[in-house]
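> Please find one structure pasted underneath; my questions will follow.
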Amino acid sequence: MTTLSRRTLMGAALGTLGAAGLPFRAAQAAGSMTAAVYPGGWDEALRAVLAPALKQAHGVDVAFEPLFAVDQIAKARAARGVAPFDVFVLDPGPRVSGMDLKLFEPFDPARLSNRARLPAGYSDEVGAGVAAQVVGIAYNPKKVARPAGWRDLFKPEFAKHLGLTGFGTTFGTISLIEMAKSVGGSEADMEPLFTELRKILSLVPAVAQPAAMPGLFQQGQIDIMYTNTYTVTLLKSRGVDIEFAVPETGAAAFGTTMHIAKGSRNIDAAYQYIDTMISTPVQAALAAPPYSFVPVNTEVKPGADVPMKSIDDLRSFVTHDWTKINPQRPRWIDRFNREMAK
Amino acid sequence: MTEQGAWRLALPLALAQAAFFLAPLLLLAATSFATDENLGSLSLAAWADVLGDAFHLQAVLNTLRLGAVTVLATLLLAVPLALLHLVAGPGLRRLILLAAILPLLTSVVVRTFAWIVILGREGVINSALLSTGAIAAPIPLLQTEHGLVLALTQIEMPLMLLPLIAALRRIDPALLDASSALGASLARTLRKVVLPMALPGLLAGCTLVFASASTAFISQSVIGGGRLAYLPMLVWQQAMVVFNWPLAAALALTLMGSVLTVAAALSMLGRRAAHA
C-alpha cells in the first residue's frame, strides 16, 4: 500500500499550482519582445525613453540586443533568414539588403495609430521610418577653419587633420560619394575620389574603423571627420570642441527604419513597439538633449544642433539611391582597402 | 572502471568538440569551396582570390610578421623580468607576478583604447617629448606598425611572462650552484643550464603570444587602423559587411592555417631541443 507523506502532498500541491500558473506566464510572455538596437547612444536612449513608454502604453516588456545594422543582417542571414529578435532598426543600405534577402514580415502601416504623424512615404509595406540622420563635416573650431564643403577636405590644410573611414557604414558611404561628386565623380564613377585620396593619403593622420572615429577626434588625433549631427551633439555634450558644418552642396540625409523580423512570434508587440517609437512624447524626448535624435514625427521640432526646422526640410537634403549603391559597395570596400594599404 | 574502458571518460568532451568545433570547422571549409553560403555549387573562386591576389597574400605576410615581431618584443622584455623573478626575494617576486597578472584583469577593449590616449598625436608620449623639446612636432605613433607592436607587447606580456616564470621556477637552484662551482660563468650557466630547462615555457609563451597577437582583431583595427591590412579585419569585413562568406571562410582558414603552422614549427623546435 502506498502511503502519502506530507512532503509528497506538498510537492503535488505545488506542482498543481505551478501548472495552474502556466497560462498566466504564457500571457506574460506574449507581452514581451526583443528588439535590435544600435550600440551606444541609441541603446542608451531607447532603454531610457522607449522601453518605459512601451510598458506604460501597452504593458509590453522589451529586451534590447545591441547590434549595428550590418550585424543585424548578418545574424539573420546566419540563422537562415530567421532573426533572433523581433524588430530590426536599419539604415537604408542594410534595409535594401534585408528586403532582397526577404528578412522582413509584410508591414501594414494602418496598424500604427501614430501613422498620421509621419510624413508621406515614411511607412510602407516593409517598415516605418523612426528617425533621420543628417550627415556633413564635423570639425574642431579651435584647430581648423570651417570647411566650406566636401572639396575642401582634399586641400592639404584640411587633409592633415582629416580622419578617413571607408564604405563600411551608411554615413561613410554617402560622405565618400559626396566627396567623389565634389571632384567630378559620381555614384557610377568613383575613380576621381580614389585619385584625389591618393594625393592626400600621406597627410591624413588616421584611416580608421567608423566606431573609432569619435575617440580619435576626442583625443586630438584628428580634427575633421565626416559624421552625423547626432555624433557631433553627443561629443559636444561631453565637452569636446566640435562643430557641424553643412557642406555648400548641402548635407546628406537618410532615414532610419524599423522592420518586423520574418517569423517573429510577437507581431502585435512589435507593432506596438514601432508605434510607440514614433509617438509624439517619445520622439520629443529623443529629440531633446542628451539624445538629440532627428525626429520623424511632424509634431516634434528638431533640436538646435540639427540644421532643419522640421522633418519636411529633409526633402531639400541630398539623398541617395541604395538600390544602385548596394551592388557596387563590395567593390568600393575592396578598392578602399587596397588604396589605403601602406 | 577498467583501464581499457577509461577512454569513455573522454567521450563527453570528444562529443562536445565534434559538435561545437569540428562540425562548424568542416562547414567553414565547405563554405570556402562554394559559390555562396547556401553551399549551392562548388567553386574555387574564393581560394583563387586569396592565393592569387597580391593584396591578400600581403595581408597574410603582414599578419605573420606582426605576430613574429610581437613575440620578439615580448621576449626581449619578459626574459630579464623572469630572470629577476628567479633571483628576487619574496616581496619583489609578488610584485613582478602582480604586474604580470594586472593587465589580464582589464578588458582588452579598455587596454586598447588606453593605448589611443598614450600613442595619439596629443597623447602621453608625444606630449612628454614635445614638452622636453626632444621633438618639434608630434611624431606618428598611432596607426603605425611600431605603435601597434608596442601596444600588443604590453597587452600580450602576461602570456609570455607567466609560462616563462613557471618554467624557471621548476629549475633546481642546486643546478645553478653546481654550474657556478664547476667554474661556469653566469652567461655560460644561462646558456647551458637555464635556457634548455626554460625552453618548454619559452616556446609555450612564444606560441601563445604569436597566436594571440596575429589574431588580435580589436587592437589591430583600433590601434593599427585602416592603412595596415591584417587578416582578422578582412575576415570580419567580408563576413559582416560585404557578405562574401566563401571569401571570408577562405581567409579565416588561411589565418588559422598560418597560425597553426607557426605553432607546429615552434612545437617541433621544442621537441628537437629536448632531444639534443
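The values are calculated or read from the model by the stated rules, or taken from the named source; none is laboratory data. Bear in mind the structure is a predicted one, so any value in this text is a computation, not a measurement. As a convention, Cβ positions derive from the backbone with ideal geometry for all residues, glycine included, and neighbour counts pool all protein chains shown.
> Looking at A:THR233, A:THR257 in this structure, which one is farther than 18 Å from A:PHE158 by Cα, at pLDDT 90 or above and crowded, with 18+ Cβ neighbours inside 10 Å?
That would be A:THR257, the only listed residue that is farther than 18 Å from A:PHE158 by Cα, at pLDDT 90 or above and crowded, with 18+ Cβ neighbours inside 10 Å.
> Scan the range A:293-305 residue by residue and report those that are touching a residue at least 24 places away in the same chain (Cβ under 8 Å), surrounded by 24 or more Cβ atoms within 10 Å (Cβ to Cβ) and part of a loop (DSSP other than H, G, I, E, B).
A:PHE293, A:PRO295, A:VAL296, A:ASN297 - these are the residues of the range A:293-305 that are touching a residue at least 24 places away in the same chain (Cβ under 8 Å), surrounded by 24 or more Cβ atoms within 10 Å (Cβ to Cβ) and part of a loop (DSSP other than H, G, I, E, B).
> Under 9 Å between Cβ atoms, at least 6 apart or on separate chains: pull out the pairs that start in the range B:253-276 with a residue that is closer than 30 Å to B:THR31 by Cα and end on any residue that is surrounded by fewer than 16 Cβ atoms within 10 Å (Cβ to Cβ) and at pLDDT 90 or above.
From the range B:253-276, the pairs are B:LEU253/B:LEU25; B:LEU253/B:ALA29; B:THR254/B:LEU51; B:MET256/B:LEU25.
> Somewhere in the range B:62-74, is a residue surrounded by 17 or more Cβ atoms within 10 Å (Cβ to Cβ), farther than 30 Å from A:MET340 by Cβ and under 20 Å from the mean Cα position of the chain (by Cα)?
no
Residue by residue, here is whether (1) surrounded by 16 or more Cβ atoms within 10 Å (Cβ to Cβ); (2) part of a helix (DSSP H, G or I); (3) touching a helix residue (DSSP H, G or I) at 6+ places or on another chain (Cβ under 7 Å) holds:
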{"position": "B:THR189", "(1), (2), (3)": "yes, yes, yes"}
{"position": "B:VAL209", "(1), (2), (3)": "yes, yes, yes"}
{"position": "B:GLN220", "(1), (2), (3)": "yes, yes, yes"}
{"position": "B:GLY226", "(1), (2), (3)": "yes, no, yes"}
{"position": "B:TRP236", "(1), (2), (3)": "yes, yes, yes"}
{"position": "B:LEU253", "(1), (2), (3)": "yes, yes, yes"}
{"position": "B:SER258", "(1), (2), (3)": "yes, yes, yes"}
{"position": "B:MET268", "(1), (2), (3)": "no, yes, no"}
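> How many of the residues in the range B:1-33 are at pLDDT 90 or above, among the aliphatic types (A, V, I, L, M) and not in a helix (DSSP H, G or I)?
Going through the range B:1-33 one residue at a time, the tally reaches 0.
> Please state which one of A:VAL126, A:VAL89 is assigned by TED's automatic domain parsing to the domain that holds A:PRO281 and in contact with a His (Cβ under 7 Å, 6 or more places away or on another chain).
A:VAL126
> On to the next question. Can you tell me which condition A:ILE333 does not meet? The list is (1) away from chain B (no Cβ under 14 Å); (2) assigned to a helix (DSSP H, G or I); (3) buried (at least 18 other Cβ atoms within 10 Å of the Cβ), and all the others hold.
With (1) away from chain B (no Cβ under 14 Å); (2) assigned to a helix (DSSP H, G or I); (3) buried (at least 18 other Cβ atoms within 10 Å of the Cβ) applied to A:ILE333, the lone miss is (1).
> Let me ask something else about it. Which one of these is among the small types (Gly, Ala, Ser), closer than 30 Å to B:LEU97 by Cβ and away from chain A (no Cβ under 14 Å): B:ALA34, B:ALA82, B:ALA30, B:ALA48?
Of the residues listed, the single one that is among the small types (Gly, Ala, Ser), closer than 30 Å to B:LEU97 by Cβ and away from chain A (no Cβ under 14 Å) is B:ALA82.
> Can you tell me how many residues within the range A:102-123 are part of a loop (DSSP other than H, G, I, E, B) and either exposed (fewer than 15 other Cβ atoms within 10 Å of the Cβ) or assigned by TED's automatic domain parsing to the domain that holds A:TYR230 (or both)?
6
> Just checking, which of B:LEU142, B:LEU130, B:LEU77 is touching a residue at least 24 places away in the same chain (Cβ under 8 Å) and assigned to a helix (DSSP H, G or I)?
That would be B:LEU77, the only listed residue that is touching a residue at least 24 places away in the same chain (Cβ under 8 Å) and assigned to a helix (DSSP H, G or I).
> Moving to a separate point now. Restricting attention to the range A:42-86, which residues are touching a Gly at 6+ places or on another chain (Cβ under 9 Å) and surrounded by 20 or more Cβ atoms within 10 Å (Cβ to Cβ)?
Passing the criteria: A:VAL60, A:ALA69, A:VAL70, A:GLN72, A:ILE73, A:ALA76, A:ALA83.
> Now, a different point. Restricting to the range B:86-124, and then to whatever is part of a loop (DSSP other than H, G, I, E, B) and more than 14 Å from every other protein chain (Cβ to nearest Cβ), can you tell me which residue is farthest from A:HIS161 (Cα to Cα)?
Among those residues, the one meeting the criterion is B:GLY89.
> All but one of (1) more than 9 Å from every other protein chain (Cβ to nearest Cβ); (2) of a type in the set (A, V, I, L, M, F, W, C); (3) over 17 Å from A:GLY41 (Cα atoms) hold for A:LEU234; state the number of the condition that does not hold.
(3)
> Name the residue, out of B:VAL235, B:VAL241, that is of a type in the set (Val, Ile, Thr), over 23 Å from B:ALA78 (Cα atoms) and in contact (Cβ under 8 Å) with a residue 12 or more places away in the chain.
Of B:VAL235, B:VAL241, the one residue that is of a type in the set (Val, Ile, Thr), over 23 Å from B:ALA78 (Cα atoms) and in contact (Cβ under 8 Å) with a residue 12 or more places away in the chain is B:VAL235.
> Another one. Being more than 27 Å from A:LEU90 (Cα to Cα) and either of a type in the set (D, E, K, R) or under 25 Å from the mean Cα position of the chain (by Cα) (or both) is the filter here; which residues of the range A:154-192 pass it?
Once the filter is applied, which keeps residues that are more than 27 Å from A:LEU90 (Cα to Cα) and either of a type in the set (D, E, K, R) or under 25 Å from the mean Cα position of the chain (by Cα) (or both), the range A:154-192 yields A:LYS155, A:GLU157, A:LYS160, A:LEU162, A:GLU191.
> Go through the range A:151-206 and tell me which helices (runs of 4 or more DSSP H), entirely inside it, have 1 or more residues that are in contact with a Phe, Trp or Tyr (Cβ under 8 Å, 6 or more places away or on another chain) and touching a residue at least 40 places away in the same chain (Cβ under 8 Å).
A:170-182, A:191-200
> Limited to the range A:76-89, what total is found for residues that are in contact (Cβ under 8 Å) with a residue 24 or more places away in the chain and within 14 Å of another protein chain (Cβ to nearest Cβ)?
3
> Taking interchain pairs and intrachain pairs at least six residues apart, which have beta carbon atoms under 7 angstrom, with the first residue in the range A:316-328 and farther than 14 Å from A:GLY172 by Cα and the second part of a strand (DSSP E or B) and at pLDDT below 90?
If the second residue must be part of a strand (DSSP E or B) and at pLDDT below 90, no pairs are left.
> Would you tally the residues in the range A:208-225 being within 19 Å of A:ILE333 (Cβ to Cβ), within 9 Å of chain B (Cβ to nearest Cβ) and of a type outside the set (A, V, I, L, M, F, W, C)?
1
> Restricting to the range B:141-169, give me the number of residues that are within 14 Å of chain A (Cβ to nearest Cβ) and either at pLDDT 95 or above or surrounded by 15 or more Cβ atoms within 10 Å (Cβ to Cβ) (or both).
Adding up the residues that qualify gives 8.
> Are any of the residues in the range B:165-181 in a helix (DSSP H, G or I), under 20 Å from B:LEU234 (Cβ atoms) and under 18 Å from the mean Cα position of the chain (by Cα)?
Checking the range B:165-181: not a single residue is in a helix (DSSP H, G or I), under 20 Å from B:LEU234 (Cβ atoms) and under 18 Å from the mean Cα position of the chain (by Cα).
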